[in-house]
Each structure stands twice: as structure tokens, then as C-alpha cells.
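The structure appears below as C-alpha cells.
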Amino acid sequence: MNLKLDTTSPQAIYLQIVEQVRLQVARGELEAGCKLPSVREMALTLRINPNTVARAYRELEHDGVVVKQQGRGVFVADQTVTLPATERRSQLNPHLDALLVAAWRIGVTPDELVQQLGDRAQEFFAQKSPRARKR
Amino acid sequence: MTENAIETFELEHAFDQEPVLRRLSIAVPQGSVYGLLGRNGSGKTSLIKMLLGVLRPQAGRCRVLGLDPRDDAVAIRSRVGYVPQECDFDPQMSVVETLRFLRSFYPSTWRDDVVEQLLDHFEVPRQPRITNLSGGHKARLSLVCALAFEPELLILDEPTAGLDAVVRRDFIEAIIEFMTQEERTVFFCSHLLNEVELLADRVAILEHGRLLIDSSVDALKQSLCRVTARFRAAPIRSRIPGLIACRQLGEHWQVAAWVDSESERDTFLEALASQGATEVRVGEADLESIFVDLVGSRNHG
């Protein structure tokens with residue numbers, strides 16, 4: 001598992017782990033049932049506080065991205081949950097708001113934003129494994 | 001219940017009328033890694049000496065693992081691993097003799113197997129006298145001794161200052177291994193900010209014996225906004241809310257302010273805009289830049 005941490009980012013280290021794992025799962029690079037490194041291994045590899053790794057895993061577990069099996073470790077969850085459209089929208093809204101604020105701050109126009117988001121979405125969904133795309 | 005491994009309340013101390021600690025109150029939660037930052041002479045080592053009962057505070061009080069260092073220094077030392085800035089072993093003793101000597105202070109808790117394993121892991125030779133050990137080996141031996149009796153709290157006072165990257169890696173890994181055990185607490189001083197940033201849950205910044213910051217690393221990074229921008233005339237500091245640093249770097253100015261919310265951030269950016277800021281770039285918020293902004297600004301302006 002390949003994670004890259006950026007200490008110059010204002011984003012908390014545990015959130016960087018959460019987002020990168022989430023992204024790798026979404027892209028199908030980490031498949032359901034795949035075992036994540038233990039807290040200790042991950043902390044030693046990234047040279048960070050084990051509390052930070054544990055916090056990231058708790059967050060991922062809470063979001064249903066991974067499941068913890070007592071005594072065996074942490075595994076990528078089966079991502080078959082399909083949420084109703086209204087729920088999907090309301091879960092996405094805070095992320096969109098953050099994106100809008102970021103775009104507004106650096107002077108991106110609405111058209112540019114839609115264009116760029118469209119391009120990225122195309123790229124992203126093209127990369128996804130067939131199994132993940134089906135859902 | 002989460003208790004605090006270390007608590008200090010309004011600690012005061014002065015050497016020859018010169019204050020080294022000023023009403024210092026901190027709390028280190030059990031199970032956390034707490035990084036104390038400060039330049040040389042900021043009071044870090046004096047604080048540690050008080051926690052270990054070596055130095056008596058002139059005012060205020062502290063508790064370490066629920067005990068008062070003024071009354072229970074011996075009990076505290078039996079449960080706290082301490083790695084000093086400079087190793088203070090008898091230079092004429094060999095490594096083995098040193099370990100045998102220290103072992104006698106921890107009759108029930110000293111773990112020979114842990115010691116052997118760590119000595120092998122760190123490749124510390126057993127026969128040489130302390131005086132013939134390299135700086136790196138001395139530091140590693142200090143660490144082995146601090147971990148030998150499975151302490152609940154590990155206190156490290158800039159143990160790797162002046163040592164190479166390999167020794168630092170060994171220390172970082174040892175701290176991580178230590179923290180993977182239940183309810184262990186680490187309190188460490190360092191000026192290697194990158195290490196503190198990655199290892200600490202909370203960070204405190206001490207300057208001239210006073211606490212400037214005591215915060216989680218995440219909150220600290222969130223609440224500071226740094227900007228570089230171009231101004232036609234020097235920015236007027238009093239018109240920038242929350243300002244902590246403002247200095248000229250070539251043609252640009254570097255300006256930093258506390259922002260506790262999105263709206264405060266916007267207010268800060270608007271204040272810069274109203275002073276004619278152009279080429280505004282919101283910059284990096286790593287611990288090193290925060291430290292330099294905070295400590296630097298208090299010395300120069």
C-alpha cells in the first residue's frame with residue numbers, strides 16, 4: 001500500500017490517510033477483503049504516531065470503507081452499499097461546498113470548474129475496475 | 001476515564017532573578033505523544049527536571065502519573081523512562097557494568113530480555129567503557145536503559161540533538177513501538193520540527209518560560225493562515241486582525257494570522273486586499289513555519 005503524506009498541507013495527517021485509502025478503494029486498487037497493514041506496521045512505515053493511524057482506521061471503519069475483525073486485523077469492506085439518490089446528494093454537498101470555496105478563492109469561473117470536474121470525472125471513472133464500476 | 005500523565009499548574013522558577021518558567025500550566029493526556037518545542041534556554045530542561053523531582057519549583061505544582069515529584073521522586077523514577085540530552089553514565093564503566101548497576105534500582109521491573117533484544121537491534125557493543133562509545137551508541141544505550149523497565153511514561157530531552165539521521169530513525173522507531181502498547185505516554189522536547197509534527201498528538205511551544213501554544217497539531221495547522229503577497233507600501237499591522245508575523249522577503253511580504261474560522265480567514269484576506277495586496281498566495285502551514293512565525297515575531301517585532 002502506497003501512501004504519501006504531505007506535512008506542508010494544512011490537512012491533518014489522519015485525514016490524508018483516510019482520503020488516500022478511500023481513493024484507492026474507489027479506484028479498485030484496494031479490493032474488498034484486502035487486509036490493511038496493522039497500526040504498528042503502518043506507523044513504522046510512515047514514521048508517524050500510531051494514534052494517528054488508529055484514528056484514520058477508526059474513521060474509515062465508521063464510514064464503512066473498512067471492517068475490523070477482532071484479532072485478525074482491518075480489511076477493506078465489501079463496497080456494495082447503494083444509497084438512495086437524496087442521501088448520495090446530501091453526503092456529497094459538504095465536499096462540493098469545500099470545492100466551490102476553493103475555486104472561488106483562486107478566481108475559477110463556474111464554466112471552468114464544470115469543465116475541469118467533468119474531465120476529472122471521466123478520467124476517474126475510466127480508471128475504475130469493472131467490478132467497482134458495476135455498482 | 002482518561003487521566004493526564006503529566007499536569008502542571010502555574011509552575012514558576014527563576015535562577016538569579018532570571019525567570020525560567022512563568023506560570024506554566026500544561027496537561028499531557030495519558031496515551032498521547034506530547035511534543036515540547038522551544039529554542040535553547042526557553043525552559044524545557046528546567047521543566048523536565050521539575051517533573052522528575054530533581055528541581056523544586058519555587059511556586060506552583062505538578063503531578064506525574066498522579067504523584068507529586070516533590071514527595072515521590074523515587075516512585076516516579078521507577079515508572080518513568082528518561083532519556084537526557086547528554087548521557088550521564090559513569091564514563092569508566094563498561095556497557096555491561098552500567099546495565100548491571102542500573103538494574104539494581106529496578107529489582108522487580110527490569111527486563112533482561114528487552115535489554116538484550118534492544119542492544120542487538122541497535123547494535124550497541126557490550127564490552128567497551130562508556131567513554132569509548134560513539135555519541136550515537138551512547139544515545140541508544142540511554143534509550144535502552146529508559147525502556148528496560150517497561151515504563152508507563154517516556155520523557156526525552158532532545159536526545160538526538162547533534163546526532164545523525166540513523167540515530168534519529170532508531171529513536172523514532174523506538175517511540176512508535178513504545179506507543180503501540182496500551183496507555184503509554186511520550187513527552188519529548190525537540191527542535192526537529194518535522195519529527196514533532198509527525199509524532200506528536202499535541203504540541204506546546206515554550207518561549208522564555210512562557211507557554212505560547214498548547215494545541216493539537218491538527219488544530220494548530222488549521223488555525224494559522226500564512227500568505228505571501230506584494231504590497232505597494234508596507235502593510236499597516238494594526239489593520240490586520242489576528243496578526244502574528246509580518247515580514248518582508250524580497251519583493252513580497254509574508255503575513256501570518258490566527259484564524260479560528262472560515263469567516264475569520266476571509267476577514268484576514270479582505271484586510272490584506274484592502275491594503276492593496278496583489279499576487280496573494282496562501283502558503284504552507286507546516287509546523288516549522290508556524291514555529292518561526294511565532295517565535296521569530298516575538299524577538300523582532
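The values are calculated or read from the model by the stated rules, or taken from the named source; none is laboratory data. Remember, it's a predicted structure, so these values are computed and weren't measured experimentally. Reconstructed Cβ throughout: ideal geometry from the backbone, glycine too, with neighbour counts over all protein chains shown. Side chains are part of the model used for accessible areas, which takes the heavy atoms of the whole protein and leaves out ligands, DNA and RNA. Shrake-Rupley method; radii C 1.70, N 1.55, O 1.52, S 1.80 Å.
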Subject >> Those residues of segment B:178-217 which are away from every other protein chain (no Cβ under 12 Å), surrounded by 21 or more Cβ atoms within 10 Å (Cβ to Cβ) and out of contact with any Phe, Trp or Tyr (no Cβ under 6 Å at 6 or more places or on another chain), in sequence order >> reply: B:Cys189, B:Ser190, B:Ala204, B:Ile205, B:Leu206, B:Gly209
Subject >> Filtered residues of segment A:17-54 (kept if within 9 Å of chain B (Cβ to nearest Cβ) and not hydrophobic (A, V, I, L, M, F, W, C)) >> reply: A:Ser38, A:Arg40, A:Arg47, A:Asn49, A:Pro50, A:Asn51, A:Thr52
Original post:
Which residues, counting only those in segment B:163-177, are buried (at least 21 other Cβ atoms within 10 Å of the Cβ) and more than 9 Å from chain A (Cβ to nearest Cβ)?
Top reply: B:Val167, B:Phe171, B:Ala174
Subject >> Single match in B:Thr228, B:Thr278 (criterion: open to solvent by less than 40 Å² (accessible area, probe 1.4 Å), in contact (Cβ under 8 Å) with a residue 40 or more places away in the chain and polar (S, T, N, Q)) >> reply: B:Thr228
**OP:** Could you please give the count of residues in segment A:20-71 that are charged (D, E, K, R) and part of a strand (DSSP E or B)?
**Re:** 2
Original post:
Which of the residues spanning segment A:11-64 are exposed (fewer than 15 other Cβ atoms within 10 Å of the Cβ) and at positive phi?
Top reply: A:Gly33, A:Gly64
Original post:
Going through segment B:268-279 one residue at a time, which ones are more than 9 Å from every other protein chain (Cβ to nearest Cβ) and under 33 Å from the mean Cα position of the chain (by Cα)?
Top reply: B:Phe268
**OP:** Look at segment A:72-103 and say how many of its residues are outside any helix (DSSP H, G or I) and among the basic types (Lys, Arg).
**Re:** 1
Subject >> Criterion: outside the structural domain of B:Leu154 (by TED's automatic domain parsing) and in contact with a Gly (Cβ under 8 Å, 6 or more places away or on another chain) - qualifying residue of B:Arg239, B:Arg184, B:Arg232 >> reply: B:Arg232
Original post:
Do the conditions hold for B:Leu67, that is, is it touching a residue at least 60 places away in the same chain (Cβ under 8 Å) and either loosely packed, with under 15 Cβ neighbours inside 10 Å or in the same structural domain as B:Leu199 (by TED's automatic domain parsing) (or both)?
Top reply: no
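This table checks each residue for (1) more than 14 Å from the chain's Cα centre (by Cα); (2) under 25 Å from A:Gln127 (Cα atoms).
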residue: A:Lys4; (1), (2): no, yes
residue: A:Gly28; (1), (2): no, yes
residue: A:Glu41; (1), (2): yes, no
residue: A:Leu44; (1), (2): yes, no
residue: A:Val53; (1), (2): yes, no
residue: A:Val67; (1), (2): yes, yes
residue: A:Thr86; (1), (2): yes, no
Original post:
Which of the residues spanning segment A:38-53 are within 17 Å of A:Gln11 (Cα to Cα) and without any contact (Cβ under 8 Å) to a residue 24 or more places away in the chain?
Top reply: A:Asn49, A:Asn51
Original post:
Among the candidates B:Ala245, B:Ala256, B:Ala271, B:Ala285, which residue alone is in a loop (DSSP other than H, G, I, E, B), open to solvent by less than 30 Å² (accessible area, probe 1.4 Å), of a type outside the set (Asp, Glu) and out of contact with any Phe, Trp or Tyr (no Cβ under 8 Å at 6 or more places or on another chain)?
Top reply: B:Ala285
**OP:** Tell me which residues, restricted to segment B:118-143, are closer than 14 Å to B:Cys87 by Cβ, assigned to a helix (DSSP H, G or I) and free of Cβ contacts under 8 Å to residues at least 40 places away in the same chain.
**Re:** B:Asn132, B:Gly135, B:Gly136, B:His137, B:Arg140
